[in-house]
Amino acid sequence: MQVYLISFSPTGGTRRVLDLLAEGIEMEPVVVELCSQDAVQQIAFEPDDICLVGAPVYGGRVPAMESQKLRELFGAGEDSCGNSCRAVAVAVYGNRAFDDALVELRDILTDGGCRVTAGVAAVAEHSIVRMYGEGRPDSVDAVVLRQFGRSIIASMERESTGEPQLPGNRPYKDGGNGGPHPLPGESCTQCGNCARMCPAGAISADGQQLDEEKCISCMRCISVCPNGARQLPAALLSGLEQRLRLVCSQRKEDQLFL
């Protein structure tokens, strides 16, 4: 039996959630990071393998780029290679709502031949307006998520055959991509780090040009810039802060679905 930690984590929040769940399962995972420009290689999964699959929530949906990469990893339909491995669908959101992302992630995994035995909705720092969910997952989340991991492995050891009831709707809401596009400021040294780390390949090698058609607004370029040179306009951030205040200000708690 192998545990796989499958992550699409542009700013690190989704990966931290998965790491804490894995600590509760108490098995060293094989990490598969999908947030890169590299091609995805299929894995020969076994029925007793456990896949913790995390997705950041973009507009209430799984990011379209991650959806594509998961289908490359697991296949789909008659070409699926999940081989009935056990999967945990994990939607990580910025303290607003996860909407249809958990249901969509389950559908992708099921189509890839996985048995989705649990679902988790967890909060991480909002990737754009960082004041919402700031510092999360925090020490309280760490205790909760480790316990979720223990509960998940205990459920699997009982060989529970029921499917979890996951909140969400079909058809899914519109969303998943689109949003503000970070640009370089005067402190940019043209080091190219943002270009190398951009999962969409949307940034020129010197970091000065952005292909807005390719950009998925994941904010990874901001998080990896060593000089804090890539930013969103202050007025735009202020407007987003005001729009999200009502739905993001109150702390949301992590949820487990078995």
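The values are calculated or read from the model by the stated rules, or taken from the named source; none is laboratory data. If you're wondering where the values come from, they're calculated on a predicted model, not measured in any experiment. Positions of Cβ are backbone-derived with ideal geometry, glycine not excepted, and every protein chain shown enters the neighbour counts. These accessible areas exclude ligands, DNA and RNA; they are computed on the full protein's heavy atoms, side chains included. Shrake-Rupley method; radii C 1.70, N 1.55, O 1.52, S 1.80 Å.
Condition first: β-branched (Val, Ile, Thr), in contact (Cβ under 8 Å) with a residue 24 or more places away in the chain and open to solvent by less than 70 Å² (accessible area, probe 1.4 Å). Can you find one or more residues in segment 185-197 that meet it? Within segment 185-197 (the criterion being β-branched (Val, Ile, Thr), in contact (Cβ under 8 Å) with a residue 24 or more places away in the chain and open to solvent by less than 70 Å² (accessible area, probe 1.4 Å)), the answer is no, since none of the residues qualifies.
Restricting attention to segment 148-170, which residues are over 23 Å from residue 97 (Cβ atoms) and open to solvent by 40 Å² or more (accessible area, probe 1.4 Å)? Hits for segment 148-170 are 150, 157, 158, 159, 160, 161, 162.
Looking only at residues in segment 51-73 that are more than 18 Å from residue 166 (Cβ to Cβ) and of a type in the set (A, V, I, L, M, F, W, C), the one that is surrounded by the most Cβ atoms within 10 Å (Cβ to Cβ) is 73. Residues in segment 5-15 include at least one that is closer than 16 Å to residue 199 by Cβ, open to solvent by 30 Å² or more (accessible area, probe 1.4 Å) and in a helix (DSSP H, G or I). Within the option set 251, 245, being basic (Lys, Arg), over 20 Å from the mean Cα position of the chain (by Cα), open to solvent by 20 Å² or more (accessible area, probe 1.4 Å) and over 17 Å from residue 58 (Cα atoms) holds for one residue only, 245. Looking at 98, 45, just one residue is in contact with a Cys (Cβ under 6 Å, 6 or more places away or on another chain), of a type in the set (Phe, Trp, Tyr) and surrounded by 24 or more Cβ atoms within 10 Å (Cβ to Cβ), and that residue is 45. Listed by position, the helices (runs of 4 or more DSSP H) enclosed by segment 58-162 that each have at least 1 residues that are β-branched (Val, Ile, Thr) and touching a residue at least 40 places away in the same chain (Cβ under 8 Å) are 101-111, 139-157.
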